[in-house]
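Chemist: One structure, pasted below without further comment.
Read-outs: derived from the displayed coordinates by stated rules, not from any lab. Everything quoted here is computed from the prediction, not taken from an experiment. Positions of Cβ are generated from backbone atoms using ideal geometry, with glycine treated the same way; all protein chains shown enter the neighbour counts.
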Amino acid sequence: MNRQATEIRINGIVQGVGFRPFVYRLAVQNGLAGFITNNSKGVVIRVAGDASKIKSLIHSLKEEAPPLARIISLDQSDATLPDNITGFSILESEAGRVSSTHVSPDIATCRECSREILDAADRRHGYPFTNCTNCGPRYTIIRSLPYDRPTTTMHKFNMCPECLAEYRDPANRRFHAQPNACGICGPQLTWYDRDGTRLPADDPLAAAADAIANDKIIGIKGLGGFHLAANAFSVEAVAQLRQRKNRPCKPLAVMVKDLPTARKLCLVTHEAEKRLTSITSPVILLYKRPASGLADNLAPFIEELGVMLPYTPLHQLLFAQPETPVCLVMTSGNAAGEPLCRDNEEAIRRLSSFCDGFLMHNRDIHTRVDDSVVRIIADKPRFLRRSRGYAPAPVRLDFDIPPILAVGAELKNCFCLARSRDAFMSQHIGDLNNLSTLDFFEETLDRFKALLEIEPQYVAADLHPDYLSTRFALELGLPTVRIQHHWAHAASVMAEHGLSEALAIILDGTGFGPDRTVWGGEVLQCTLDNYRRLGRLSPLPLPGGDMAARHPWRMALAALHASGIRDSRAARHLENIPAKDRKFILDMIAKKLNTPLTSSCGRLFDAVSSLLGIRHVNTFEGQAAMELESRASAALGRRSLKDSGFFTELGEMQLFHLREGLQEVSTGLCIHSIISRMTAGGLSTNDLALFFHVFLVSAFGNMIMYLSKQSGIQTVVLSGGSSQNRILVEGFFDFFAKTDLKIFTNRQVPANDGGLALGQAVIGGTNVSSDSHAR
Ligand SMILES: [Zn+2]
Ligand SMILES: [Zn+2]
């Protein structure tokens with residue numbers, strides 16, 4: 001016989017996050033009979049009993065779900081339950097399709113696990129692979145769904161009786177914790193020399209700590225890949241690492257022992273502390289304190305330093321070694337431009353020229369995931385890179401789109417696989433200009449398709465014909481939507497905030513325009529169906545095309561030429577550049593040889609950085625712009641941009657004009673204003689750097705005010721690579737604060753090309769489905 005029951009179906013991140021034991025405890029507390037299982041619909045609960053108790057259970061499901069769970073939908077319906085079921089039980093997962101279930105990202109060690117590994121009385125004392133249902137590896141070890149131990153890279157370890165008892169006890173924190181392990185039954189550390197010879201170290205952690213303390217560089221196998229680690233207080237160790245990685249200036253991220261150490265070395269704001277200690281544990285950019293004792297070649301010429309806390313037990317135990325310095329360089333273990341290393345043998349092969357030793361283990365990494373990087377701007381965290389801790393959690397859309405793949409851009413590539421209201425952004429893939437990164441792209445895409453069970457029917461790609469991502473898209477043989485780069489940037493913000501129409505300020509490096517010129521400092525009026533270019537930076541010559549991006553001094557000459565400035569004092573900082581090189585470039589510009597025009601904002605930053613003598617040659621992408629921002633930030637201090645004085649000074653001037661049917665920010669006036677102030681003397685380089693930022697905010701801000709009056713649109717979106725610049729973003733927030741306009745920026749994906757695929761997916765999805773799918 002059956003009796004009346006209620007079926008509850010839950011969709012979202014509900015596997016591998018302690019959801020089933022949570023439901024078990026609630027059901028038992030409420031005296032309900034029934035079961036819970038995972039199946040094609042996500043999680044299914046069937047319960048019979050007192051109606052008010054069932055109501056109370058549903059209320060608790062919504063209000064008290066475990067920290068990692070994310071309920072996206074919860075439906076209930078009438079059902080029946082056999083009379084002979086009197087207790088509550090957890091049934092094995094039903095194999096088969098789990099198409100609407102999401103995959104949890106990897107999660108930093110929880111407080112309880114941290115306590116256990118440091119507690120001499122605990123059976124997991126000193127065990128580097130400790131985890132529970134609230135923390136530990138997920139996405140990086142899952143081979144297929146449903147998420148159960150046999151489908152993870154933990155399948156080769158058999159749980160000891162004690163671990164198994166925890167795993168089977170619904171009241172235990174490790175109930176159904178798939179990677180559950182201990183020192184008796186789980187993965188183990190090993191220590192290798194640089195040639196891959198396994199060394200008989202009693203304690204691999206002590207060996208690693210000793211090597212680091214002696215200024216050696218070691219490779220550490222972590223959660224989503226290998227890190228290269230070195231003593232962050234040693235100028236020699238950092239210099240050695242830079243030399244071996246051929247990375248002369250690019251800032252290196254560090255991992256610090258704990259929060260108090262972070263505070264000692266850097267300024268940690270309340271918002272930064274929240275993010276540092278969160279379950280996603282990203283790298284956060286923090287302002288360095290003077291005289292911290294850190295090596296001054298960690299992030300030269302930049303005020304900030306990328307800092308993270310230990311996010312696995314392995315990292316924590318390494319810092320617990322007495323020899324280990326309290327701050328370590330922790331940079332991605334890869335050759336420049338290549339994806340992270342994953343396997344032990346691969347690491348030894350590819351990294352032995354960088355490392356003096358390897359701290360390895362035998363838990364396999366199935367999927368590689370880099371560290372995420374976050375910068376706090378206008379008191380809110382913004383992604384510079386969205387990867388570990390976030391991928392593959394979706395960005396929720398407020399309308400349905402058909403199954404679509406958006407392939408992203410060329411640099412900082414991430415792709416997006418979207419279906420109905422979920423846009424799944426991949427982890428950081430990298431620069432798609434070499435074959436190993438393209439392999440990583442394809443491998444990750446295959447995994448996404450399989451794990452999330454999405455078979456795209458459409459593909460969205462950039463207009464640029466030479467992007468490897470575009471070429472890849474065109475070879476798929478699916479209906480393809482080609483989308484202008486800066487429109488996609490704008491749409492990424494619109495998708496995040498549910499906006500249907502906006503005026504967009506896109507401050508970016510370069511993107512392909514439909515007129516086949518190089519766009520990059522754009523004002524667009526957009527919906528997700530269409531866009532119109534209303535304004536731009538007045539174009540500058542781009543001598544040598546892409547080469548100009550590596551040589552800001554070329555842009556400095558281009559800016560002077562375009563502004564009609566012939567005064568030799570204007571170019572006084574360029575005297576270090578050999579005269580014959582300067583002449584060669586000036587000839588190219590005058591004769592328009594291999595010199596397209598560009599409205600790029602990134603190149604204008606380059607030009608100004610070089611004109612002010614800050615940076616003439618970039619050793620990594622965006623260097624000149626970052627150093628220019630750092631100088632402006634030093635001049636601004638804690639003031640708001642509006643209080644800098646330059647705002648009032650520029651308020652009198654007309655900073656944009658109409659030309660060729662477009663509103664143009666007057667680049668020529670900008671350069672003239674900077675040069676005249678520079679040659680007049682009186683202002684420091686830092687002040688001039690600040691002046692340039694104020695000019696851009698005033699010019700674009702006033703242009704938007706004008707266009708808003710004309711169009712009636714009061715929603716503004718800001719995106720593009722240059723809008724990772726804190727001074728610009730906070731300046732625009734200030735500018736619009738006292739107006740009727742509302743400004744929105746990226747919060748869930750990066751403003752740089754790493755967030756582009758989200759915009760492509762929503763534009764593509766909207767344009768292929770305007771007939772069949774409700775918006
Ligand atoms: Zn835990
Ligand atoms: Zn065990």
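Chemist: Residue by residue through region 402-410, which ³J(HN,Hα) values in whole Hz follow from phi under the Karplus form 6.51 cos²θ - 1.76 cosθ + 1.60 (θ = phi - 60°), with glycine and proline marked x?
Modeler: Couplings: x, x, 9, 10, 10, 8, x, 9, 8 Hz.
Chemist: Let me ask you something else. For a footprinting-style exposure proxy, rank Ser332, Ser684, Ser352 by other Cβ within 10 Å, fewest first.
Modeler: Ser684, Ser352, Ser332
Chemist: Can you compute the label reach from Ser56? Point 7 Å from Cα along the Cβ direction, backbone N cut-off under 20 Å, restricted to region 1-43.
Modeler: 5-8, 21-36
Chemist: To check you understand DSSP bridge types, tell me what percent of the beta bridges within region 211-327 (both residues inside) are antiparallel, rounded to 5.
Modeler: If we restrict to bridges inside region 211-327, about 85 percent are antiparallel.
Chemist: Subtracting the Cα-Cα distance from 0.36 nm times the residue separation, let me have the gained length for Ile279 to Ser292 in nm, one decimal.
Modeler: Using 0.36 nm per residue and subtracting the Cα-Cα distance, I get 2.0 nm.
Chemist: Compute the separation of the alpha-carbon centres of region 445-460 and region 359-423 and state it in Å as a whole number.
Modeler: 14 Å
Chemist: Here's another thing I want to ask about it. What is the sum of charges around Asp439, taking Lys and Arg as +1, Asp and Glu as -1, for the other residues whose C-beta is under 13 Å from the C-beta of Asp439?
Modeler: Net charge in that neighbourhood comes out at -2.
Chemist: Sticking with this structure for a sec: I'd like the FRET efficiency for Leu474 and His155, computed as 1/(1 + (r/R0)^6) with the beta carbon distance as r and R0 of 51 Å, rounded to 0.05.
Modeler: According to the calculation, E is roughly 0.85.
Chemist: If R0 is 51 Å, what FRET efficiency do you get for Ser114 and His657 from their C-beta distance, rounded to 0.05?
Modeler: 0.30
Chemist: In whole angstrom, and with the biggest value first, how far do the Cα coordinates of region 563-610 range along each principal axis?
Modeler: 26, 23, 19 Å, listed from the longest principal axis down.
Chemist: Gain in length, Ala634 to Ala320, computed as 0.36 nm per residue apart minus the alpha-carbon separation, to one decimal in nm?
Modeler: So the extension gain works out to 109.4 nm.
Chemist: Add +1 for every Lys or Arg and -1 for every Asp or Glu among the other residues with Cβ under 12 Å from the Cβ of Leu658, and state the total.
Modeler: Charge balance near Leu658 sits at 0.
Chemist: Can I ask one more? Along the Cα→Cβ direction, 7 angstrom out, place labels at Glu443 and Ser353. What is the inter-label distance in nm?
Modeler: Inter-label distance under the simple model: 2.0 nm.
Chemist: Report the FRET efficiency, 1/(1 + (r/R0)^6), for Ser684 and Lys591, where r is their Cβ-Cβ distance and R0 is 41 Å, rounded to 0.05.
Modeler: About 0.65, to the nearest 0.05.
Chemist: Looking at region 647-707, which GluC sites (Glu not before Pro) are in a loop (DSSP not H, G, I, E or B) and have at most 10 other Cβ atoms within 10 Å?
Modeler: Hits after loop and neighbour filter: Glu652, Glu660.
Chemist: Continuing with this model, one more query. Run the paramagnetic zone check for Arg747: 7 angstrom along Cα to Cβ, then residues of region 395-416 with backbone nitrogen under 16 Å.
Modeler: Under 16 Å, as judged by backbone N against the label point of Arg747, lie 395-398 of region 395-416.
Chemist: For Lys738, Lys264, what ranking results if the residue with the fewest other Cβ atoms within 10 Å of its Cβ goes first?
Modeler: Least to most surrounded, the residues fall as Lys738, Lys264.
Chemist: What order, most packed first, do the peptides 245-252, 63-70, 466-473, 562-569 have when packing is the mean number of other Cβ atoms within 10 Å of each residue?
Modeler: Packing proxy ranking, top to bottom: 466-473, 245-252, 63-70, 562-569.
Chemist: Further question on the same structure: When the helices in the chain are scored as -39500 (n - 2.57) per DSSP H run of 4 or longer and the sum is shared across all residues, what 222 nm value do you end up with, to the nearest 500 deg cm²/dmol?
Modeler: Helices in the chain give a 222 nm mean residue ellipticity of -10000 deg cm²/dmol.
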